[in-house]
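See below for the structure under consideration.
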Amino acid sequence: MRLNLRQATPVRLQFLIWSFVMLLTFFTYLPDGPGMSAAYALLNTLAYAVIIYGNISFLFPRLYLEGKTVAYMIIAPLAVFAFAAGRAWVVILVHNYFSPRMPEYYNWQEILYFTGSSLFIFMMSFVFRIAIDYFRLKRQAEQMLEQKSLAELNLLKSQVQPHFLFNTLNNIYYEAFREAPRTALLIGRLSDIMRYFVDESPKEKVMLATEIKFLENYIALEEIRIRHGVKVTFDQQYEGNPVIPPMLLMTFVENIFKHGIDRSAMGNAFAIKLQQEGNYLTFTTCNSLPAESPPVVHAGIGLINLEKRLILLYGNRFELRTTQTGKSYQAYLKIPLV
């Protein structure tokens, strides 16, 4: 069986590291006997793990990252010293159990020795944390590339002679324009949407104007499915030619037609506002909910996937929130333009 580190998860890598540490410690103390070496290997590995995970999983995030720097600088050394004192006592007990004829005694020299080694392991915990974060981010990046490649492959599979389809739609458009101009206009919008999926969606960035045109075409096609029509307000305020990742705004608009429209009722309406604020772009939607609509208790799969994508794209440099007030539902997104 081959060990593929490229496919290893952070959890598996940590398991391999600790297994290596335990084996290395075991063979280091093996001249003292297999029993003592096994006990030392287990105790030392557990001690290292407690120090490292105690810092990176408890002390550091709950104190330092929350702004309690002074408390962290005081509590961390004290915790290391207390743990080292306990560790020295346990190691001496194990040694005396396996070597009763050569006993060691609990004293300050032993405590200081284990304190020094524990402080070294404590400092190494930061390197350990960086390594874990690196492999986690690397794995996420690889998964993102795999998903992108799979999406592109699926897109290629779904493209049955796209240029043939576009040309055919254009021919149908000109034929329909003679008898039913409105139908021809809808065919043109459908052709634009299909061209967007083929030509624009695989790109990393698209022009904001192109994205807006895509949304307008989508809204127009959805409107024909609503019996009594819908009143749409789309306010756009931006300058120049900014670019954004494709299909980033689509989720909000799609959710409006899925959950915020009563197709058999009158008075359907929603508002969309897209505004540039310095180096940020805000996108806000507001729609009324159908009378029989249940309250929104959790985010749908679309919003969950959108948030995951935003994290990969922007880290923590974005805002995404949704609120429901009575029978009104609002969604808000803010992303950087640089």
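Inspect the stretch 268-286 for any residue being loosely packed, with under 14 Cβ neighbours inside 10 Å and closer than 20 Å to LEU190 by Cα and give the result as yes or no. No: zero hits. LEU186 - would you say it is outside the structural domain of PRO242 (by TED's automatic domain parsing), closer than 18 Å to PHE257 by Cα and over 33 Å from the mean Cα position of the chain (by Cα)? For LEU186, the condition - outside the structural domain of PRO242 (by TED's automatic domain parsing), closer than 18 Å to PHE257 by Cα and over 33 Å from the mean Cα position of the chain (by Cα) - is met.
Contact map, the stretch 282-309: first residue of a type outside the set (Val, Ile, Thr), second residue in a helix (DSSP H, G or I) and at pLDDT below 85, Cβ cut-off under 7 Å, separation 6 or more or different chains; pairs are SER293/HIS259. Any residue at all in the stretch 108-124 that's surrounded by fewer than 13 Cβ atoms within 10 Å (Cβ to Cβ) and charged (D, E, K, R)? Within the stretch 108-124, not a single residue is surrounded by fewer than 13 Cβ atoms within 10 Å (Cβ to Cβ) and charged (D, E, K, R). Residues in the stretch 125-149 that are surrounded by 12 or more Cβ atoms within 10 Å (Cβ to Cβ) and among the acidic types (Asp, Glu): how many? Looking only at that region, the number is 2.
Would you point out the residue of the stretch 206-262, among those that are of a type in the set (Ser, Thr, Tyr) and under 16 Å from LEU337 (Cα atoms), that is nearest to the chain's Cα centre (by Cα)? Once the filter is applied, the top-ranked residue is THR210.
Matching residues to (1) surrounded by 16 or more Cβ atoms within 10 Å (Cβ to Cβ); (2) free of Cβ contacts under 8 Å to residues at least 24 places away in the same chain; (3) touching a helix residue (DSSP H, G or I) at 6+ places or on another chain (Cβ under 7 Å):
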site	(1), (2), (3)
VAL198	yes, no, yes
ILE212	yes, no, no
ASN217	yes, no, yes
ASP235	no, no, no
THR251	yes, no, yes
ILE256	yes, no, no
HIS259	no, no, no
ASP262	yes, no, no
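Restricting attention to the stretch 190-203, does a residue exist that is assigned by TED's automatic domain parsing to the domain that holds ALA331 and of a type in the set (S, T, N, Q)? For the stretch 190-203, residues assigned by TED's automatic domain parsing to the domain that holds ALA331 and of a type in the set (S, T, N, Q): absent.
The values are calculated or read from the model by the stated rules, or taken from the named source; none is laboratory data. Predicted model, so just to flag it, every value in this text is computed and none were measured. Here Cβ is always computed from backbone atoms with ideal geometry, including for glycine, and neighbour counts include all displayed protein chains.
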